[in-house]
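The values are calculated or read from the model by the stated rules, or taken from the named source; none is laboratory data. Everything numeric in this text was worked out from a predicted model, so none of it was measured. Note that we place each Cβ from the backbone using ideal geometry, even for glycine, and neighbour counts take in every protein chain shown.
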Amino acid sequence: MPSSRRLPARKGRAPRKQTKRFDPRVFLANIAVGGTVVHYRPKQAIFWQGARADAVFYIQEGRVKFTVLSKQGKEATIALLGPGDFVGEACLASDQPLRLATATAITECSILRMDRELMLRTLHKEQRLADVFIGYMVERHNRTQADLVDQLFNSSEKRLARALLLLSRFGKKDHPEEVIPSVSQETLAEMVGTTRQRVNYFMNKFRKLGFIDYKGGLGLQVNSSLLSVVLHE
């Protein structure tokens, strides 16, 4: 018979000390950091293209439109940003003295403004914030590359569906925003690179298929089923 040997009982491990998860929103919401919280009304500019780039902004509440104006006077929407997003962070680069785009409030906004030097000092001092910020910048870079591929290879219908999913923060680890604050079809057309008429056609199609739903004054509800449009070959 094969011999058997009872293994000694394993001593219980000491419970790990629970470390509090770093929350950049809480950290940056602390006025003692040295920033200034500014409230903006809808359509009010936060900064302008060509203005001096001397501060970083952190969106606490509300939605912000990021646009660029060509020499011919044509405006294009680069991105729509929301709570937890940075805007104007390009000023941290030493070779970026002027703003390359305009940031405008779409809704009522509460935004933390931090001078460039203060932001740099804070990033050097608070390693956890620096880690979050670097992760944010990498994600933003990846998003820009994905946007370029989207423009080059996908139809305007797929681009619109992807834009709506991104605006609703689909796939985010934190709680996604199921309802997007009101965004005009003109703005969506600028983001997607098509006409307002085409956006209107696809929005009606998405609504009839149950992918989106208008919530009156609350905004637009985006359902996860809209992902099928993006994945469809």
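Details
Each row is one residue, and each column tells you yes or no for (1) under 22 Å from Ala105 (Cβ atoms); (2) assigned by TED's automatic domain parsing to the domain that holds Gly34.
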| position | (1), (2) |
| --- | --- |
| Asn142 | no, yes |
| Val149 | no, yes |
| Ala161 | no, no |
| Arg169 | yes, no |
| Leu188 | yes, no |
| Thr195 | no, no |
| Gly219 | yes, no |
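- Strands (runs of 3 or more DSSP E) completely within segment 1-96 that count 3 or more residues being modelled with pLDDT of 90 or more and in the same structural domain as Asp131 (by TED's automatic domain parsing): 36-40, 45-47, 55-61, 64-69
- Contacts under 8 angstrom Cβ, first residue in segment 59-77 being at positive phi, partner crowded, with 20+ Cβ neighbours inside 10 Å and among the β-branched types (Val, Ile, Thr), 6 or more apart: Gly62/Ile106; Gly62/Ile111
- Of the candidates Val199, Val183, the single residue that is assigned to a helix (DSSP H, G or I) and assigned by TED's automatic domain parsing to the domain that holds Arg169 is Val199.
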